[in-house]
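Rule-based calculations on the coordinates, nothing more; no lab input. These figures come from a predicted structure and were not determined experimentally.
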Amino acid sequence: MALISVKNLTRVFDVSKPWLNRVIERRGKALLTAVSDVDFEVAERSTYGLVGESGSGKSTIGRMLVGLLTPSDGTVEIGGVNLAAETNAGKVDAVRSDIQMIFQDPFASLNPRWRVRDIVVEPVVARGGDATGLAEKLLEQVGLSAADAGKFPHEFSGGQRQRICIARALSSEPKLIVCDEPTSALDVSVQAQVLNLMSDLKDNFGLTYVLISHDLTVVQHMSDVIGVLYLGRLVEEATPDELFNNTKHPYTKMLLEAAPLMDGFGREAALPEGEIPDPINPPSGCAFHPRCPIAEDICRQERPLLRLVDNARVACHLAQ
């Protein structure tokens with residue numbers, strides 16, 4: 001059963017200059033399409049990984065999943081409830097209470113005037129639960145000391161702040177955790193501890209994760225299904241084995257070739273060509289065609305739809 005169902009998800013930001021500047025410069029509105037017609041489902045008790053270059057729309061999708069951003073078009077249903085359109089406040093509150101998010105910037109999501117103990121147990125206290133000793137236990141599980149519970153966020157390093165955010169997200173035992181680069185600020189040994197902890201919690205409490213990351217190794221290790229984003233569009237979706245061993249989209253191949261390998265010393269890998277196009281003025285047809293080594297005329301004229309090819313969904317005219 002799908003816990004999350006995303007249909008035609010689109011988010012457009014108005015990045016225009018002020019009205020008077022547009023009148024003087026005779027310019028129209030500038031609209032940036034961060035996410036465009038994204039469709040995917042996330043099964044209960046599974047991990048869905050989202051990967052892509054910076055600016056591909058990963059974090060925007062994560063914020064729409066938890067309700068921090070409203071979709072410009074399309075729907076996001078969690079547990080069968082559309083958070084943006086549901087009029088029953090009780091249903092919305094019930095769903096929101098089972099969702100947590102780990103942000104990429106830890107300090108921006110921590111209240112600088114609260115002690116760490118209050119920050120970690122806030123989700124539990126808000127739901128009327130017993131938080132006695134919970135903060136100290138979770139801080140030790142994420143690699144900090146129980147004595148740190150009495151400190152303030154500014155007394156910690158960036159990596160330690162990220163661990164505090166992870167402890168807070170885990171405190172209420174939610175059904176869904178959206179993880180936006182949860183280990184990007186941590187050293188390798190702590191990354192392994194946190195990822196193993198997340199795996200254990202998933203098995204023990206039936207959690208569902210949406211994992212947003214640049215680290216292909218983390219996504220491969222943690223995910224049951226991986227979605228690859230490019231310029232706000234989902235270009236390939238498959239299981240880790242299928243995606244890494246039988247890659248079908250040229251962009252996914254480029255990402256894998258550029259990733260570092262443990263046994264890749266001395267290898268000669270082609271450098272990624274070009275940059276992500278301007279999302280305010282995206283190219284016609286397939287968004288990847290200006291950088292694609294196998295692009296044909298149809299790629300420049302028609303936008304490819306996600307279709308089933310073997311055991312994966314691919315948005316490429318030439319994927320066979």
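Over 5 Å intervals from 0, what percent of Cα-Cα pairs in segment 1-80 sits in each interval?
All Cα pairs, binned at 5 Å, distribute as 3, 14, 21, 20, 14, 10, 7, 5, 3, 2, 1 percent.
Please report the relative contact order for the chain, taking Cα pairs under 8 Å with a sequence separation of at least 6, and give it as a percent rounded to a whole number.
Values: 592 pairs, mean separation 62.6, N = 320.
In percent, rounded to a whole number, it is 20.
Relative to the longest principal axis of the chain, what angle (0 to 90°, nearest 10) does the C-alpha long axis of helix 188-205 take?
On a 0 to 90 degree scale, this one is about 80.
Compute the distance from the alpha-carbon center of segment 99-113 to that of segment 143-197, in whole Å.
What the calculation gives is 10 Å, centre to centre.
Rounded, prolate or oblate: which fits segment 97-161 when a ≥ b ≥ c are the square roots of the eigenvalues of the alpha-carbon gyration tensor, with rounded for a/c under 1.5 and prolate only if a/b beats b/c?
Values: a/c = 1.60, a/b = 1.20, b/c = 1.34.
Judged from the Cα gyration tensor, segment 97-161 comes out oblate (a/c at least 1.5, b/c at or above a/b).
Between rounded, prolate and oblate, where does segment 109-197 land on the alpha carbon gyration tensor, with a ≥ b ≥ c its root eigenvalues, rounded for a/c under 1.5, else prolate if a/b exceeds b/c?
Details: a/c = 1.57, a/b = 1.21, b/c = 1.30.
Taking the square roots of the gyration eigenvalues as a ≥ b ≥ c, segment 109-197 is oblate.
Pairs of lysine in the chain with Cα under 25 Å and at least 8 positions apart or on different chains: total?
Within the chain, the lysine pair count is 16.
In the set (i) 64, 56, 40; (ii) 115, 75, 38; (iii) 78, 46, 38, which value of Cα extents along the principal axes in Å was calculated from the structure you see?
Calculated Cα extents along the principal axes in Å: the matching label is (i).
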